[in-house]
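Undergrad: I am attaching a structure below and will ask some questions about it afterwards.
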Amino acid sequence: MLRARPNTLQYETLEHEINCLIGRLGAGIVRGVAYDTAWIARLAPRYPGRRFDYALEWLRRNQNEDGTWGGALEQYHDRFVSTLAAIVALREVGTDHRDERRARRGEQALWKIVGRLGRDDSDTIGFPIIAAALGHEAQELGLDVPLPPLRFGGAYRKKVQALLDSEYRDWTHNTVTFSLEALRHAVKNSDRVLEENGSVTSSPSATAAYLMTCNGSAPEAALRYLQSIQQEDGSIPAVAPIDLFEIAWSINYLRMVGAIQPDTPGVPPLLDYLWGAWSPEYGAGYSTFHGVTDSDGTSSCFTVLRWGGYPVSADVFEYFEGDDYFYCFHGETNPSLSANVRLLAALRTCPEHPRHPAWMGKVVNALHRFDENGSYWWDKWHVSPYYVSGIALDALQGVDDDLVYSRLKWILRTQNDDGGWGYLGLSTPEETAYCLEPLVRWSTVTDLVDRAVLDAAADYLWKHADDERAIPLWIGKSLYYPPSPVQAAILGALFRYTTVMG
């Protein structure tokens, strides 16, 4: 355990923890969240004996003091949609005499949150259609809830209509399907919806919504899927499994700092697993049970597979190329900065590719164009700018040092008194890791990085790396926490600090 900073056993401690992490990769489990738990709670009376009533109990135990549900740190879209889903579930299936009071407290909290939604840098996934659909359900149940202002509403309507107008509606290859709960009344019996594991695009909430449409003829595979992912406390993860994402991100963090090699015990089977999911034409996604690939997952898989000696070709990135930047998903409503930064890092491993100069230039130009404040970027997959800005310090080194130094200055000037970093006011081990690792790297090439900054950050991480309260910062339909990639980033940052700084 990393409870305190050791004096003479730093390297050995890290090596042991890294080996343990490697052995856990592949399950693709994330922590339970209120949003998806609320959807599964609504299944309890429809499918008795499946433990779905445990989800309802979890909702009762996990209402925040202000009446909301959602992550520990306030991101208003997360709090809004999580609270809305929870009070709909309590009103619809709640039987405890206190459920009405819980729902009323949540209802009141929504009116306070709705005016703050514009303060968030990014929406949660599918927010325009999910908030509208849940709001309509809440009103039908007699709840008085506000209608939120919507960004990207028009773009979502186009995507939805294109799917619904298709002659053969294959939901498994459409990004809108991840938010099927907002469209469940439009699903037809002839539509292809379920993946091989019984899920709807590895989304528990979308799967639960699909089961609500089945009218007693529910596929057993979908019920088994939801039962298999329910956690001991009754909660439901935001997405499951994220096997490809978990492996690729974790291996990549550890690879970057030299903590592992392709032949490190436990690593070859993981690389084989990624290779088995790889498509030369379309790359990879976040889960083996999601039919849509993305450039973020493709870039990470490409980087680690090339490092492992597999015959991947950068030709795959042509599939994601747009006029001015690279798409994360085709048909996306707004660009992902982190996806473009990860693609930049991937391109740096294959300078021999004929499109290398043009593609590198396109990504760098896009990063300049999206540089709205001259200090940091934010990203639609993560609430913290330290996430994308930290990985950019590595990807841009020697490519565009002007962009690097502006991010570097911002990170150095925003360290908290406890040695950590945190965008939403509280330092977190995850964000501190995203800052410490590149700062250690840059401390070897510039005198801008004071050793005291690094020591304070490392001390913070040694003290807090095993905090039991995991703080969700990743943006799905609500905020969620993927334990293994976060732990890999923390261990990688400490490994870099220990091996470079001594």
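Undergrad: Straight-line reach from residue 409: which lysines fall under 26 Å, measuring Cα to Cα and dropping same-chain residues less than 8 apart?
TA: Filter leaves 362, 380, 463.
Undergrad: Continuing with this model, one more query. Write down, largest first, the equivalent ellipsoid semi-axes of the range 32-237 in whole Å, where each equals the square root of 5 times an eigenvalue of the alpha-carbon gyration tensor. Don't skip to the end; give the middle numbers.
TA: Working: eigenvalues 128, 97, 40 Å².
Working through the eigenvalues yields semi-axes of 25, 22, 14 Å.
Undergrad: So for 96, 323, fewest C-beta neighbours within 10 Å to most, what's the order?
TA: 323, 96
Undergrad: Using just the helices of the chain, give the 222 nm mean residue ellipticity in deg cm²/dmol: DSSP H runs with n ≥ 4 each add -39,500 (n - 2.57), and the total is spread over all residues, rounded to 500.
TA: Details: 19 runs with 245 residues, N = 502.
Value at 222 nm, helices only, nearest 500: -15500 deg cm²/dmol.
Undergrad: Would you please classify the overall shape of the range 372-502 from the alpha carbon gyration tensor, given that a ≥ b ≥ c denote the square roots of the eigenvalues, rounded means a/c under 1.5, and beyond that prolate means a/b larger than b/c while oblate covers the rest?
TA: It comes out oblate by the Cα gyration axes.
Undergrad: May I ask for the angle, rounded to the nearest 10°, between helix 127-140 and the longest principal axis of the chain, with both axes built from Cα atoms and the value confined to 0 to 90°?
TA: On a 0 to 90 degree scale, this one is about 20.
Undergrad: Using the alpha-carbon atoms, what tilt in degrees (0 to 90, nearest 10) does helix 385-395 show relative to the longest principal axis of the chain?
TA: 40 degrees
Undergrad: Follow-up question, since we're still on this one. Hey, fewest Cβ within 10 Å first, where do 112, 188, 159, 477 land in order?
TA: Least to most surrounded, the residues fall as 188, 112, 159, 477.
Undergrad: Here's a follow-up. With the cut-off at 1.5 for a/c, could you classify the range 212-315 from its C-alpha gyration tensor as rounded, prolate or oblate? Write down the numbers at each step before the final one.
TA: Details: a/c = 2.91, a/b = 1.84, b/c = 1.59.
Judged from the Cα gyration tensor, the range 212-315 comes out prolate (a/c at least 1.5, a/b above b/c).
Undergrad: Using 1/(1 + (r/R0)^6) with R0 = 35 angstrom and r between the beta carbons of residue 95 and residue 224, what's the FRET efficiency to the nearest 0.05?
TA: So the FRET efficiency works out to roughly 0.85.
Undergrad: Sticking with this one: Note the angle between two axes, namely the Cα long axis of helix 76-93 and the longest principal axis of the Cα atoms of the chain, as a number of degrees from 0 to 90, rounded to the nearest 10.
TA: 30 degrees
Undergrad: Taking 0.36 nm per intervening residue step and subtracting the Cα-Cα distance, what contour gain separates residue 444 from residue 469 on full extension?
TA: Working: separation 25, 0.36 × 25 = 9.00 nm, distance 3.37 nm.
That pair, residue 444 and residue 469, stretches by 5.6 nm at full extension.
Undergrad: A further question follows. Please return the longest stretch of the chain lacking exposed loop sites, where GluC sites (Glu not before Pro) count only if DSSP places them in a loop and at most 16 other Cβ atoms lie within 10 Å. List each step's numbers first, then the result.
TA: Numbers: sites that count: 65, 167, 196, 232, 281, 352, 372, 468.
Answer - 66-166.
Every number in this text was worked out from the coordinates using simple rules, so none of it is lab data. Note that the structure is a prediction, hence the values are computed from the model and not measured. In this analysis, Cβ positions are derived from the backbone assuming ideal geometry, glycine residues included, and neighbour counts consider all displayed protein chains.
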